[in-house]
């Protein structure tokens, strides 16, 4: 049988799926990335996932798609990754040589969004933007039914300026969307207010050194009507709306897909606030023909998108 | 001889050029638009320009390209124009029927930018953004060598939010680029400071009711080191830089073309300030491979772009 492999190499785990021609899952394998142990170990982990998926002698591998967090150029070289020891690493070339099949490597957010787009089926239109609100804020652009990356790094929507005189971002610039709407920014704002003595259900959760705010805890606090969590999340949603207004004016897309841990947890709460603010910033009439939906595939968007990209080649 | 016509229907004048197959100008005609006199009169003016261009019996008209200020859909219907009495006006269809040739109608800024892009010749790359700084701030997107308009109204870069808690824009939203960087915004800021008693070379020019700041006067004031003009223009340039940083993060384009009356007058002064600010907002490394240039064609970009669009079909 002709088969394809979709790989999602993340900062903590590697997920691989074996697909048939029609996108049905045949097999899956998951391993720790072991990013801290260096390049050779990571490559070893990838090879183990691949070996398990390719155990059957009856399959003919047709191609491999890969998603990687970081900056990937058009040839499939990973220029830089924040979480994995890949630097100017010719991942596509190396895998092509090893497995003797076509290989496509892309940025993880782009690849996952491509998977979400393909999953839309009949609702699929040509021009789509994706926004992922997680630890950071990522983006993706699909134009004319193809991933658009410009010179390689397009769709860094987390680093569009929404408030030039506002908060500083981890990237060093002032006023980026990510400085307001990422889970990191939300946690920081909550922590700052807790330090001032404000009352919140989240106090105990965040009192430990190095505690990380989980999206599920945020959801509990929002569901309980916690004042502090509500204030901070409302602000994040408003800034998302401002950015989305700008994006609608710049791209006038058919659809915007929202995903990531924060959206998966409290997207239903945030969306009306987001849309209300976006309406105030989009040019008259433009927003009402833009469709919105949340992602559907969760953690499997990456492997499915990787499969779709290579199968489509 | 096979010929093409490029038309630029502006708020005050209609410019038409007759081109041969290779883009050489054969003839030109200019008439007032007479926009205030209503639709029929404007159409009459367009017809007069066309008649003059088509006087020779030896020419075979192959197609017509048209640029119009306002919102134009994919079929060439002008949905709305701020300066011309076109509303849901099927301009392309009407001209096709009258002249029995293919007709393309586009937004004036998009069409002009397409002309500037074609004019780049060997420096032409695939993904280009244009920003026009005039009375307002307009934009254009060329991706994969084609104008990108999304659902029709993309590239409204003047209405990207740069400072969500900042100045109100004519569009009703808060913090748009246009509220800082357009000539209208520059004049308003200067006027406000003059009203506070600030000294400036521009005082006499702007003291009349309804006086309009000319870009040439702005240039004189900047060249003379006028404090007030310098302050206000520096601020406009910084906000342009912020927006360009965001645009580089969103599109990672090959090139950005700057044009419009303000840039034609004082672009040389503004560019270093724009780039310095853009560098602070673009993700590390992205800006340095983006080329910048000013427009070259001035008032003829529109007709030339219109010719290129139809000749390319």
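The values are calculated or read from the model by the stated rules, or taken from the named source; none is laboratory data. In this text, all values refer to a predicted model and were calculated from it rather than measured experimentally. We place every Cβ from the backbone using ideal geometry, glycine too, and count neighbours over all the protein chains shown.
The table below gives the values:
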quantity: The listed residue being over 25 Å from the mean Cα position of the chain (by Cα), modelled with pLDDT under 95 and surrounded by fewer than 19 Cβ atoms within 10 Å (Cβ to Cβ), out of A:58, A:40; calculated: A:58
quantity: Residue B:142, sole failed condition from (1) under 23 Å from residue B:236 (Cβ atoms); (2) more than 9 Å from every other protein chain (Cβ to nearest Cβ); (3) buried (at least 19 other Cβ atoms within 10 Å of the Cβ); calculated: (1)
quantity: Within segment A:118-137, tally of residues that are more than 14 Å from every other protein chain (Cβ to nearest Cβ) and in contact with a helix residue (DSSP H, G or I) (Cβ under 8 Å, 6 or more places away or on another chain); calculated: 7
quantity: The lone exception for residue A:250 - which of (1) touching a residue at least 24 places away in the same chain (Cβ under 8 Å); (2) under 30 Å from residue A:114 (Cβ atoms); (3) within 14 Å of chain B (Cβ to nearest Cβ) it fails; calculated: (1)
quantity: Flag if residue A:87 is more than 23 Å from the chain's Cα centre (by Cα), at pLDDT below 95 and surrounded by fewer than 16 Cβ atoms within 10 Å (Cβ to Cβ); calculated: no
quantity: Residues of segment B:214-241 that turn out to be within 14 Å of another protein chain (Cβ to nearest Cβ) and modelled with pLDDT under 95, as a count; calculated: 0
quantity: Test: residue in segment B:18-28 that is modelled with pLDDT under 95, closer than 18 Å to residue B:87 by Cβ and not in a strand (DSSP E or B); calculated: no
quantity: Sole exception among (1) within 14 Å of chain A (Cβ to nearest Cβ); (2) free of Cβ contacts under 8 Å to residues at least 40 places away in the same chain for residue B:45, by number; calculated: (1)
quantity: Residues of segment A:254-281 classified as within 14 Å of chain B (Cβ to nearest Cβ), over 29 Å from residue A:106 (Cβ atoms) and either touching a strand residue (DSSP E or B) at 6+ places or on another chain (Cβ under 9 Å) or assigned to a loop (DSSP other than H, G, I, E, B) (or both), total; calculated: 2
quantity: Residues that are part of a loop (DSSP other than H, G, I, E, B) and either under 25 Å from residue A:235 (Cα atoms) or at the interface with chain A (Cβ under 7 Å from one of its Cβ atoms) (or both), drawn from segment B:171-195; calculated: B:171, B:172, B:173, B:175, B:177
quantity: Sole residue being surrounded by 24 or more Cβ atoms within 10 Å (Cβ to Cβ), free of Cβ contacts under 8 Å to residues at least 40 places away in the same chain and either more than 21 Å from residue A:157 (Cβ to Cβ) or facing another protein chain (nearest Cβ under 8 Å) (or both), chosen from B:156, B:165; calculated: B:156
quantity: Residue satisfying condition, being out of contact with any strand residue (DSSP E or B) (no Cβ under 6 Å at 6 or more places or on another chain) and buried (at least 22 other Cβ atoms within 10 Å of the Cβ), within set B:301, B:306; calculated: B:301
